[in-house]
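So the structure is just underneath, and the comments pick up after that.
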Amino acid sequence: MSHPSTLLEPATHRHRAPDDAEPPPGAAADWTVPQHWDELTAEDHWVWDTLFARQKTLLHDRVVSEFERGLDILSLSRPGVPNFDELSDRLGARTGWSVVAVPGLIPDAVFFDHLANRRFPAGNFMRPPRQMDYIDEPDVFHDVFGHVPLLAQPAVADYMVELGRLGQRAIAIGEVERVARLYWYTIEVGLAREAGQTRIYGAGIASSLGETHYCLESPRPHRLAFDLERVIRTRYRPDGFQKSYFVIDRFDALAEVLRGIDFDALCAAVEDRTDIDPKVARPEELISS
């Protein structure tokens with residue numbers, strides 16, 4: 001789905017797709033499969049519509065404006081699970097990206113190759129009604145509703161390409177966990193300042209009922225000023241609400257996060273430094289909500 005398999009490792013190793021794994025039967029060499037949109041059931045479409053209506057209402061004034069704009073640009077408000085071919089046509093005209101279906105978690109190298117080539121891998125299954133509020137592995141609602149609207153925004157579209165290239169480099173030098181942390185604290189659970197408020201842009205939050213409230217309103221988590229070195233040193237767990245969130249100064253600054261960065265040198269600089277527990281933060285790192 002829309003993650004390098006390393007991303008879910010801190011929770012449990014059962015999620016991991018080994019780097020040398022062969023594509024499952026019916027999948028192409030790049031692990032893509034047909035979406036089989038016409039095989040989706042009425043229940044699948046009902047779950048999508050129910051989740052969409054709930055999250056769209058909940059996110060108003062809590063999400064960056066470009067997210068809501070992306071929903072409109074890509075016609076994601078139309079009823080039913082989006083057809084990936086139609087969605088790719090609209091997205092491609094905007095930023096050159098496409099959405100491709102994959103059967104499950106895919107190896108890191110495959111995932112980052114897709115991103116580097118402006119292909120967003122999305123799961124082709126919908127959660128059942130009994131799991132409306134939480135699903136262990138990301139489904140088409142998380143992948144498409146959470147991630148794709150911002151791929152219509154050039155800053156995010158370009159940042160994701162750079163993440164793909166960075167992931168490829170990280171695999172080569174044995175530092176993929178550093179990139180997984182960067183992906184997690186930006187693309188999955190990122191926050192940004194906009195119109196004098198802290199707002200959501202991370203897909204894991206945007207597609208979550210409970211974490212939408214928690215990340216902005218709860219006094220429990222740390223909300224930290226974004227610092228790249230701090231991010232790649234900070235551990236996380238993907239199976240619960242976060243202990244720390246990183247907040248960029250403005251949403252369009254995301255495109256600048258990796259500009260001019262010597263990743264090899266950055267990894268070398270933190271190699272002997274202890275990883276940071278997300279429950280820990282210094283007062284000067286905190287931002288006001």
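The values are calculated or read from the model by the stated rules, or taken from the named source; none is laboratory data. These figures come from a predicted structure and were not determined experimentally. Ideal geometry is used to build each Cβ from the backbone, glycine not excepted, and the neighbour counts take in all protein chains shown. Surface areas here come from the heavy atoms of the whole protein model, side chains and all, with no ligands, DNA or RNA. Shrake-Rupley method; radii C 1.70, N 1.55, O 1.52, S 1.80 Å.
Residue-by-condition table, conditions (1) within 17 Å of Val63 (Cα to Cα); (2) outside any loop (DSSP other than H, G, I, E, B):
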{"position": "Glu211", "(1), (2)": "yes, yes"}
{"position": "Cys215", "(1), (2)": "yes, yes"}
{"position": "Pro219", "(1), (2)": "no, no"}
{"position": "Arg223", "(1), (2)": "yes, yes"}
{"position": "Glu229", "(1), (2)": "no, yes"}
{"position": "Gln242", "(1), (2)": "no, no"}
{"position": "Tyr245", "(1), (2)": "yes, yes"}
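Of all residues in region 242-256, count the ones that are at pLDDT below 95 and open to solvent by 20 Å² or more (accessible area, probe 1.4 Å). Here the count works out to 5.
Residues of region 19-67 that are open to solvent by 50 Å² or more (accessible area, probe 1.4 Å) and within 19 Å of the chain's Cα centre (by Cα): Lys56, Arg62, Ser65. Among the numbered conditions (1) open to solvent by 30 Å² or more (accessible area, probe 1.4 Å); (2) in contact with a Leu (Cβ under 8 Å, 6 or more places away or on another chain); (3) modelled with pLDDT of 95 or more; (4) not hydrophobic (A, V, I, L, M, F, W, C), the only one that Ser77 does not meet is (3).
Screening Asp239 on (1) charged (D, E, K, R); (2) surrounded by fewer than 15 Cβ atoms within 10 Å (Cβ to Cβ); (3) without any contact (Cβ under 8 Å) to a residue 40 or more places away in the chain shows it passes everything except condition (3). Looking across region 257-284, the residues that are closer than 18 Å to Gly174 by Cα, open to solvent by less than 80 Å² (accessible area, probe 1.4 Å) and part of a loop (DSSP other than H, G, I, E, B) come down to Ile261, Asp275. Could you tell me whether Val156 is among the β-branched types (Val, Ile, Thr) and touching a Leu at 6+ places or on another chain (Cβ under 6 Å)? Considered against the rule, which asks whether it is among the β-branched types (Val, Ile, Thr) and touching a Leu at 6+ places or on another chain (Cβ under 6 Å), Val156 comes out as yes. Among the residues of region 258-268, those that are modelled with pLDDT of 95 or more and small (Gly, Ala, Ser) comprise Ala265, Ala268. Evaluating Gly92 against the criteria (1) open to solvent by 60 Å² or more (accessible area, probe 1.4 Å); (2) out of contact with any helix residue (DSSP H, G or I) (no Cβ under 9 Å at 6 or more places or on another chain) leaves one unmet condition, (1). The helices (runs of 4 or more DSSP H) found entirely in region 145-184 that carry 3 or more residues being open to solvent by less than 10 Å² (accessible area, probe 1.4 Å) and either over 13 Å from Gly202 (Cβ atoms) or touching a His at 6+ places or on another chain (Cβ under 9 Å) (or both) are 154-173, 176-183.
Residues that are open to solvent by 10 Å² or more (accessible area, probe 1.4 Å) and of a type in the set (Gly, Ala, Ser) were ranked within region 201-211; the one that is farthest from the chain's Cα centre (by Cα) is Gly210. Please name all residue pairs, on different chains or six or more residues apart, with Cβ atoms under 7 Å, provided the first residue is in region 98-119 and is open to solvent by 50 Å² or more (accessible area, probe 1.4 Å) and the second residue is assigned to a strand (DSSP E or B) and of a type in the set (A, V, I, L, M). Here the result reads Pro103/Val33; Arg119/Val100, each pair linking region 98-119 to a residue that is assigned to a strand (DSSP E or B) and of a type in the set (A, V, I, L, M).
Go through region 185-200 and give me each residue that's touching a Gly at 6+ places or on another chain (Cβ under 7 Å) and either under 12 Å from Phe241 (Cα atoms) or open to solvent by 10 Å² or more (accessible area, probe 1.4 Å) (or both). Residues satisfying the conditions are Ile187, Glu188, Val189. Based on what the data block shows, is Arg90 within 26 Å of Glu162 (Cβ to Cβ), among the charged types (D, E, K, R) and in contact (Cβ under 8 Å) with a residue 12 or more places away in the chain? When the stated conditions are applied, Arg90 passes them.
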